[in-house]
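Scroll down for the structure; my scribbles are underneath it.
The values are calculated or read from the model by the stated rules, or taken from the named source; none is laboratory data. Just so you know, these numbers come straight off a predicted model, no measurement behind them. Cβ placement follows ideal geometry from the backbone for every residue including glycine, while neighbour counts extend to all protein chains displayed.
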Amino acid sequence: MGEWYYIGHYGQLGPLTREQIDELVMGGVIARDTYVWKNGMADWLYAERCPELMSSFLISAPSGTPPPQPGTYSNPIPNPTTSISTTGFYEYGMQRTQSSYPAFTNLRSDRSRTAAGILQLIIPGAGRMYLGYLAYGVLQMALAIVTCGMLHVWSLIDGIMILAGGVKLDGYGRQIGD
């Protein structure tokens, strides 16, 4: 039974077995600076700092100089099994909602709220795609094209919500800057 979780490009993923984690390390999906967590751990850790995964990185590590140690991280994150919502939308076969993201209060997005809102107002779905919500953006763009602009209203309202601060996280679970 899977008990491992990690933070990937599409948010929190898991539960996974140890064998699956090892395969992801060998495939380069889980890097040394990827956050991992399992039952019994107090906080999320970088994968290379997790004692149970060190052997996986020794096996997959190329010979040469190891990378520098990342900075320390001391922000406690809630248990991921309690933060997974049972409602949401499906993207690439994974269920994801904003409530399923852990509370990374110190991770800021490199995306601008103002740029996303303006893009969303001008081109239906472009602001959502810019923020990393590809499925939302493509759906908004497709509906605006298919309905000859009739459903562009959804994108306009969404653009206003983005500008007003209604969208707090980008598609990777990081806080959007102003």
Of the residues in the stretch 17-44, those that are surrounded by fewer than 21 Cβ atoms within 10 Å (Cβ to Cβ), more than 24 Å from Tyr133 (Cα to Cα) and aliphatic (A, V, I, L, M) number 3
Residue in the stretch 54-63 that is assigned to a loop (DSSP other than H, G, I, E, B), in contact with a Leu (Cβ under 9 Å, 6 or more places away or on another chain) and at pLDDT below 55 present: no
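Residues checked against (1) in contact with a strand residue (DSSP E or B) (Cβ under 7 Å, 6 or more places away or on another chain); (2) over 23 Å from His9 (Cβ atoms):
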site: Arg128; (1), (2): no, no
site: Leu134; (1), (2): no, no
site: Gln140; (1), (2): no, no
site: Leu151; (1), (2): no, yes
site: Trp154; (1), (2): no, yes
site: Met161; (1), (2): no, yes
site: Gly165; (1), (2): no, yes
site: Gly177; (1), (2): yes, no
